[in-house]
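Trainee: Dropping a structure here in structure tokens format, bear with me for questions.
None of the figures in this text is laboratory data; all of them are computed from the coordinates on show. None of these values were measured; they are calculated from a predicted model. FYI the Cβ positions are ideal-geometry reconstructions off the backbone, even for glycines, and counts take in every protein chain you see.
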Amino acid sequence: MRRSLRSNSIRKMKTKIPGNRVVVHFSRKKPSIAKCGSCGKPLNGVPRLRPSRLKKLSKTEKRPERPYGGSLCPECSRKIFRMKAVST
């Protein structure tokens, strides 16, 4: 096993290959889930992918199609809309 693959940041998966042998495949661990910038709740509709994989997705697959989508949860964005409506 290569020295760079011995760290805890690499996920090791045992996989059975067609020759009926078990080998170890290496992949990076999943990043933490995206959270709301205001309240810290997990965001729905935002995939848990590494930046290299996230870059290959289309814009609409990376985050929800609404104002503040991908940075605020729906409840917090609704609060902001209400505050803006009251102030104008």
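Every residue, every condition in (1) touching a residue at least 40 places away in the same chain (Cβ under 8 Å); (2) small (Gly, Ala, Ser); (3) assigned to a loop (DSSP other than H, G, I, E, B), yes or no:
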residue	(1), (2), (3)
Leu5	no, no, no
Val22	no, no, no
Ser32	no, yes, yes
Leu57	no, no, yes
Glu65	no, no, yes
Glu75	no, no, no
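Trainee: What's the number of the condition Arg82 fails, among (1) assigned to a helix (DSSP H, G or I); (2) under 22 Å from the mean Cα position of the chain (by Cα)?
Mentor: With respect to (1) assigned to a helix (DSSP H, G or I); (2) under 22 Å from the mean Cα position of the chain (by Cα), Arg82 is out only on (2).
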